[in-house]
1. Give the residue that is nearest to PHE51 (Cα to Cα), with candidates limited to residues of the stretch 1-31 that are aliphatic (A, V, I, L, M) and open to solvent by less than 30 Å² (accessible area, probe 1.4 Å).
2. Within the stretch 30-79, can you find the residues that are touching a strand residue (DSSP E or B) at 6+ places or on another chain (Cβ under 7 Å) and charged (D, E, K, R)?
3. Within the stretch 1-37, how many residues are out of contact with any Lys or Arg (no Cβ under 7 Å at 6 or more places or on another chain), in contact (Cβ under 8 Å) with a residue 12 or more places away in the chain and either of a type outside the set (Gly, Ala, Ser) or assigned to a strand (DSSP E or B) (or both)?
Amino acid sequence: MPVVTLRYFATLRESRGVESEPLTVDEGETAASLYAKLFPREHAGGLRVAFAINRDYVPPGELLHDGDELCFLPPLGGG
């Protein structure tokens, strides 16, 4: 089973309580499906995040592979 390193930013980091962590994922897991599993409340609430695998932005359906680094990038606020 693939092991990926997850990196969290902004509110997602606060929600998870860590900046990064390794996680074993199911074969065929995608960036979006893993986000929905880890953050069901944010996902259901419509928080739109961007995904980056190995420092490249990817579409939500991108498959995860062993050794990947997946970043969840929530929208930035401010003004």
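The values are calculated or read from the model by the stated rules, or taken from the named source; none is laboratory data. In this text the structure is predicted, and so the values were computed from the model without any measurement. For neighbour counting, all protein chains shown are included, and Cβ atoms are generated from backbone atoms with ideal geometry for every residue, glycine included. Calculation scope for accessible area: heavy atoms of the full protein, side chains included, ligands and nucleic acids excluded. Shrake-Rupley method; radii C 1.70, N 1.55, O 1.52, S 1.80 Å.
1. The first filter runs over the stretch 1-31 and keeps only residues aliphatic (A, V, I, L, M), leaving 1, 3-4, 6, 10, 12, 18, 23, 25, 31.
Still in the running and open to solvent by less than 30 Å² (accessible area, probe 1.4 Å): 4, 6, 12, 25, 31.
Values: VAL4: 14, LEU6: 11, LEU12: 13, VAL25: 16, ALA31: 7 Å.
Among them, the one singled out is ALA31.
2. The answer is GLU62, ASP66, ASP68, GLU69.
3. Matching residues across the stretch 1-37 total 22.
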